[in-house]
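Structure first, commentary second.
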Amino acid sequence: MIRTIHTAVLSLGLLACAFTARAQEVASAFESLQSMVKPGDAVIVTDAQGRDMRGRITALSPSSLAIDVDGTPREWRAGDVRLIRHRQRDSLVNGTLIGLGVGAGVGVLAAGQASLASNFTTSDDSGGDELAILLFGALGAGLGMGIDAAWRDDVVVFRAGGATTASLRVMPLVMPRAQGIRVAVVF
């Protein structure tokens with residue numbers, strides 16, 4: 001019984017984490033870049049000499065890019081930029097849902113352990129199982145939301161000389177005698 005509960009919780013946790021991350025389209029010309037970023041967006045520009053500059057876009061045209069770097073305006077022509085990364089935040093929804101699923105799974109496990117222990121005693125704890133699932137689910141949702149709120153990612157939106165695409169696939173493997181994770185990188 002305990003092994004079945006553990007397998008169910010592990011399976012739910014792994015299924016909640018299954019995802020495919022795909023690389024966003026990467027522009028190779030400033031004309032295409034205009035549909036991906038706009039003035040006010042935080043970016044990191046790597047120039048032709050390999051220097052990184054962090055700032056917010058103040059102007060973007062098909063031939064040039066201007067950003068504000070700590071109050072100092074900087075401008076590049078399209079040929080002088082090697083790479084542009086856009087600073088993005090993660091959505092709070094997916095982290096909240098994953099945290100809720102994992103937390104509720106832990107609550108189910110705790111409730112299962114408690115019900116096994118109550119088989120050996122005569123006390124009646126009606127409603128405790130649902131409370132444990134609700135409490136752990138809420139705690140997991142809050143932790144998931146907090147992690148997502150702190151997560152920021154630098155996404156490449158421009159690369160001089162052409163774009164590449166890749167994807168990362170992570171899938172749970174749950175079989176009668178084994179559990180695991182399959183990871184694949186596809187170019």
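The values are calculated or read from the model by the stated rules, or taken from the named source; none is laboratory data. Just so it is clear, the structure is predicted and the values come from calculations on it, not from any experiment. No Cβ is skipped: glycine too gets one built from the backbone with ideal geometry, and neighbour counts run over all protein chains shown. The area values use the complete protein model at the heavy-atom level, side chains included, leaving out ligands, DNA and RNA. Shrake-Rupley method; radii C 1.70, N 1.55, O 1.52, S 1.80 Å.
General observations
- Modelled FRET efficiency - R0 30 Å, Asp41 with Ala178, Cβ distances, 0.05 increments: 0.10
- Computed E for Val185/Arg87 - FRET, C-beta separation, R0 25 angstrom, nearest 0.05: 0.55
- Pairwise FRET efficiency - Trp151 versus Arg74, Cβ, R0 = 30 Å, nearest 0.05: 0.65
- Between Asn94 and Ala29, full extension at 0.36 nm per residue minus the direct alpha carbon distance yields a gain of 20.2 nm.
- Accessible area of Leu83 in the full protein assembly, 1.4 Å probe (Å², nearest 10): 30 Å²
- By accessible area with a 1.4 Å probe, ligands and nucleic acids excluded, highest first: order of Leu60, Leu92: Leu92, Leu60
- In the assembled protein chains, Trp76 presents an accessible area of approximately 20 Å² (probe radius 1.4 Å).
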